[in-house]
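Following: one structure in structure tokens, then a few remarks.
The values are calculated or read from the model by the stated rules, or taken from the named source; none is laboratory data. What you see is a predicted model, and the numbers here were worked out from it, not measured in a lab. Here the Cβ is made from the backbone with ideal geometry for all residues, glycine too, and neighbour counts use every protein chain on show.
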């Protein structure tokens, strides 16, 4: 029995999201100036002191200490970047002293690390960006708040007989109504454009920090990730080919050998015993049908036609209908629309994850029920398969989980298996889309 439900993902409130991001961006920009001043003072003082003491042996340790302090300030900046860039924190791998290294070898370690000098450069250059963005954002905040509320305190502002307001200079009149209208309009304009300005200032500061503090590490991580995906794709393809070869050898190939023997026997029986030849041909027809059925089953594991023609929800429904354990499907309704179709590689991977997981549930879990949940998130697709079995599943134990992990890694996704002894078991895959 299969239960299918379509679960919609609640959308966040736009106003709340804009307000939250405005506060994050503003906090990042406003806090950036004191951090930039502290970094500039420390770096300039350290460089000046080390340059003055360079004629002695003390200059080099002072320079090394300055590089370490710049690294600490850079780590503080890396902690602040995810809130603005909406990306996970990335920290470079710094050179470390060899075990048992002498004092002077330890002193020269940060000087041989290119990232340490980039941290130092960030401490020197950050103020050039932090100061103008700080001033601009602070002025914009002040105009937005003061202008929007101007009507509440216009009466309390002292004015002399010769004072001229901006409304008079613009020819709008010299009355309180003209002053309030002009200042309120300016305040409302700054208030509505404040999120855009704060976002631009934050991205300007974060862009400099990202290019100097995490750019090299992101490039190295990307190269490592691509190499891992390449190895995972090759491993998944090799495993799939070996399994397909084994299945063909154990199933259709053996049936075709028997079919050839039956046809040969029927040819010999045709003249001497037509009735026996007819029975043999009937058995051959049965073997042909069974072979075609096995070939269709094998082809579904490669590229199921229903997945290509009707999409992921229909393909998963067909999988659940054939499962030996009752399956409940919870599928994002957007995936069933023509505009909600995913990349074919993502759909194939999601189908493969569910197919292998249901096979493992039937073979190893001793479960009585299973739930498959497919949810579309921002930038990713989440696939979760849960069962109430005995648990104990682990990637190291195989059972097809290694093939799932390789297939998921090949697309740049992640796979988590939570299966304590006694159950329940949950296999969760996150696929980029």
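Structure values in brief
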quantity: Residue within the stretch 209-216 that is modelled with pLDDT of 80 or more and either surrounded by fewer than 17 Cβ atoms within 10 Å (Cβ to Cβ) or under 30 Å from residue 285 (Cα atoms) (or both) present; calculated: yes
quantity: Residue list for the stretch 359-383, restricted to those being modelled with pLDDT of 85 or more, within 26 Å of the chain's Cα centre (by Cα) and either crowded, with 20+ Cβ neighbours inside 10 Å or over 15 Å from residue 429 (Cβ atoms) (or both); calculated: 372, 374, 381, 383
quantity: Output for the stretch 337-346, where each listed residue is out of contact with any helix residue (DSSP H, G or I) (no Cβ under 6 Å at 6 or more places or on another chain) and either surrounded by fewer than 17 Cβ atoms within 10 Å (Cβ to Cβ) or more than 15 Å from residue 415 (Cβ to Cβ) (or both); calculated: 337, 338, 339, 341, 342, 343, 344, 345
quantity: Which numbered condition residue 291 misses (of (1) modelled with pLDDT of 75 or more; (2) touching a helix residue (DSSP H, G or I) at 6+ places or on another chain (Cβ under 9 Å)); calculated: (1)
quantity: Which listed residue is part of a helix (DSSP H, G or I), at pLDDT 75 or above and within 21 Å of residue 408 (Cα to Cα), from 307, 226, 244; calculated: 307
quantity: Set 149, 131: member being touching a helix residue (DSSP H, G or I) at 6+ places or on another chain (Cβ under 9 Å), modelled with pLDDT of 70 or more and under 17 Å from residue 26 (Cα atoms); calculated: 131
quantity: Of residues in the stretch 28-61 being over 23 Å from residue 137 (Cα atoms) and surrounded by 20 or more Cβ atoms within 10 Å (Cβ to Cβ), the one nearest to the chain's Cα centre (by Cα); calculated: 43
quantity: Residue that is farthest from residue 372 (Cα to Cα) [pool: residues in the stretch 324-340 that are in a loop (DSSP other than H, G, I, E, B) and at pLDDT 80 or above]; calculated: 324
quantity: Qualifying residue in the stretch 347-356 (condition: surrounded by fewer than 18 Cβ atoms within 10 Å (Cβ to Cβ) and out of contact with any helix residue (DSSP H, G or I) (no Cβ under 6 Å at 6 or more places or on another chain)); calculated: no
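Okay, residues lined up against (1) within 30 Å of residue 199 (Cβ to Cβ); (2) assigned to a helix (DSSP H, G or I); (3) at pLDDT 80 or above:
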site	(1), (2), (3)
36	yes, yes, yes
45	no, yes, yes
48	no, yes, yes
54	no, no, no
57	no, no, no
61	no, yes, yes
64	no, yes, yes
74	yes, yes, yes
97	no, no, no
